[in-house]
Number of protein chains: 2
Amino acid sequence: MKAPCVILKDAQLAENIGAAARVMANFGLSELRLVSPRDGWPQARAWASASGADWPLDGARVFDRLEDALADLHLVLATTARPREAVLPVFSPREGAAELREAASEGWSCGVLFGGERAGLEADDIALCHGVVTAPVDERFRSLNLAQAVALTAYEWRMSAAPAAPTGFVEAPTPADHAALMGFYGQLEDELDAAGFFHPPEKRPSMVRNLRVALGRARLTDQEVRTLRGVVTALSKGRGKVLAKLAAKARALDNEGSQKS
Amino acid sequence: MKAPCVILKDAQLAENIGAAARVMANFGLSELRLVSPRDGWPQARAWASASGADWPLDGARVFDRLEDALADLHLVLATTARPREAVLPVFSPREGAAELREAASEGWSCGVLFGGERAGLEADDIALCHGVVTAPVDERFRSLNLAQAVALTAYEWRMSAAPAAPTGFVEAPTPADHAALMGFYGQLEDELDAAGFFHPPEKRPSMVRNLRVALGRARLTDQEVRTLRGVVTALSKGRGKVLAKLAAKARALDNEGSQKS
């Protein structure tokens, strides 16, 4: 399946072209087309801001006319903050990505068209496209940076293929089974009983329940359960040792006092 | 419902802080917290790159320690390209936004934490959070710009509120490519010019646009384009025949008149 190309028309800042290339690379897009970039092409500043994502820039094709840039494409979506009067289907970036992926899966060549930083696309540009993509920006601040607009499109293209979970990562590890958890709870509650923690006694059931809910929410692994059992042991035996020492000392003092009297 | 705050730790470039503020404003986030920004705060370059989205910057709070920046928050998600060893749930930006919205709907104060441009977050930072958000970047180019990472989070936060809009098109045959379509448009518009269709002349651009939008929406196949070109030819040559007949008739009448005089 061929990924969509990104077409930037009337881009003003080479930095934005580079930033667009970078985020294209982040999300697996590589084909960049430039229609009348304001400052000409190539521009070293684009490569500088691409931070190493050179290949979309190295392979970028430049066109004077939008029509030529679109000539071989079967489906082109125009991105705009204001769909204006164009009577075209309007998609969110997510819906647009679904359209693009469906078309690409049919073997169609697809593209997404972006206008310049200041003015965006003109109605004549949009009239050359098959649909409009518009990000759900807040009415109070609609001005979306060019590279950010490319980012949303590229991200949604990638998401439209990916399973819900991001690839390349270990999923959350398997939590300990219930027996291991109950063993830990039992140990903890025994120690707390010994320490007189559950007071008054009639509140013990709800206090136990609350503790278990809080700890259970952590979805502890086996290793973490073992670690926490060690923690409980250390705390309780440590406390026991201190108490034993204090008790011994108290007995010694008692004996001393007895001897004195 | 309170929107999540954005926490930037060890941000290096004020331009990126400003770009983050801009895209926060695009998607309805306004609360920005900065933890030890490298170049201090405030920085005029941040406001310059925010392009008018001043309020997140004006209201930004600065902290020396991450713990202090998170003190009042109930749910914090850490964004990172490499979840590393942290045994925390891993979310895509979309799943993370769902988590945040659910928590916010419960009245919780939430935040999303981003690390610095070069090194990202450290394991100790992530350990202060309740989950990890990671964008599904391409393995071949993982380096996501800081403001782009903020953009994805902010966008998904916004999308998590929006109802799903109806989707676009039913299955359709491969549309003609753009060159074929432009050839058809050119033929049609030439013929309409010849016929004096575009009247008054100053309305020609918008009339052309409306025609292209209407025809473009049809996603014509190659066969349909050929058919329609035939239609235009038939109509225009037919008109030519009618004109030729009228002209012949006019000449005949002229001749008649000449003979009478």
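The values are calculated or read from the model by the stated rules, or taken from the named source; none is laboratory data. Small disclaimer: the values here were computed from a predicted structure and weren't measured. Every residue, glycine as well, gets a Cβ built from its backbone with ideal geometry; the counts of neighbours run over all protein chains shown. Please note that ligands, DNA and RNA were not included when accessible areas were found on the heavy atoms of the full protein model with its side chains. Shrake-Rupley method; radii C 1.70, N 1.55, O 1.52, S 1.80 Å.
Observations on the model:
- When the surface is traced with a 1.4 Å probe over the full set of protein chains, B:ARG226 keeps roughly 140 Å² accessible.
- Once both labels are positioned 7 Å from their Cα atoms along Cα-to-Cβ, the gap between B:ARG140 and A:ASN255 label points is 8.1 nm.
- Antiparallel content of DSSP bridges confined to chain A, in %, to 5: 5 percent
- Whichever aspartates and glutamates have a C-alpha closer than 13 Å to that of A:LYS237, once near sequence neighbours (fewer than 8 apart) are set aside: A:ASP190, A:GLU191
- Minimum 10 Å² accessible area buried by the other protein chains, segment A:99-137 residues, probe 1.4 Å, relative to alone: A:GLU99, A:GLU102, A:GLU106, A:TRP108, A:ALA123, A:ASP124, A:ALA127, A:LEU128, A:HIS130, A:PRO136, A:VAL137
- Taking a straight line from the alpha carbon of A:LYS2, these aspartates and glutamates sit under 15 Å away, with near neighbours fewer than eight places off in the same chain left out: A:GLU31, A:ASP72, A:GLU99, A:GLU102, A:GLU106.
- Note on chain B: GNM, Cα springs under 10 Å; of B:ARG251, B:ARG33, B:ARG61, the largest mean-square fluctuation is that of B:ARG251.
- Karplus (6.51, -1.76, 1.60) ³J(HN,Hα), θ = phi - 60°, over segment A:5-14, in Hz, Gly and Pro reported as x: 8, 10, 10, 9, 9, 6, 5, 8, 9, 4
- Cβ-defined net charge surrounding A:GLY186, 13 Å radius [Lys, Arg +1; Asp, Glu -1]: -2
- Over all distinct Cα-Cα pairs of the protein assembly as shown, the Kirkwood formula returns a hydrodynamic radius of 27.4 Å.
- Dipole magnitude (debye, nearest 20) for the protein assembly as shown, charges at Cβ of Lys, Arg, Asp, Glu: 440 debye
- Cα gyration tensor category, rounded, prolate or oblate, for segment B:177-217 with a/c compared to 1.5: oblate
- Cα-based helix-to-principal-axis angle, A:222-260 vs chain A, degrees rounded to 10: 30 degrees
- Average accessible surface for segment A:3-87: 37 Å² per residue, computed with a 1.4 Å probe over protein heavy atoms with every protein chain in place.
- Total formal charge among the other residues, if their Cβ is under 15 angstrom from that of A:VAL62, Lys/Arg +1 and Asp/Glu -1: -2
- 0 to 90° range, to nearest 10: angle between helix A:93-105 axis and chain A longest Cα axis: 70 degrees
- Most mobile of A:ALA119, A:ALA180, A:ALA81 in a GNM of chain A (Cα contacts under 10 Å): A:ALA180
- Sequence-ordered 3J(HN,Hα) estimates for segment B:68-81 from the Karplus curve with 6.51, -1.76 and 1.60 and θ = phi - 60° stand at 5, 5, 9, 3, 9, 9, 9, 9, 10, 10, 9, 9, 7, 7 Hz, glycine and proline given as x.
- Solvent-accessible area, 1.4 Å probe, carbon plus sulfur percent, for chain B: 55 percent
- Global geometry of segment A:5-161, whether rounded, prolate or oblate, following the gyration tensor of its Cα atoms and the 1.5 cut on a/c: rounded
- Total buried accessible area between B and A, probe 1.4 Å, nearest 100: 5300 Å².
- Pairwise centroid distance, computed over Cα atoms, of segment B:1-55 with segment A:183-232, Å: 43 Å
- Distance (nanometres) between label positions extended 7 Å along Cα→Cβ at B:ARG217 and B:MET1: 3.3 nm
- Segment B:197-237: C-alpha gyration tensor shape, a/c 1.5 cut-off, then a/b vs b/c: oblate
- For chain A, calculated [θ]222 nm from helices alone, where every DSSP H run of n ≥ 4 adds -39500 (n - 2.57): -16000 deg cm²/dmol
- Nearest-ten-degree value, helix A:204-216 long axis tilted from longest Cα axis of chain A: 40 degrees
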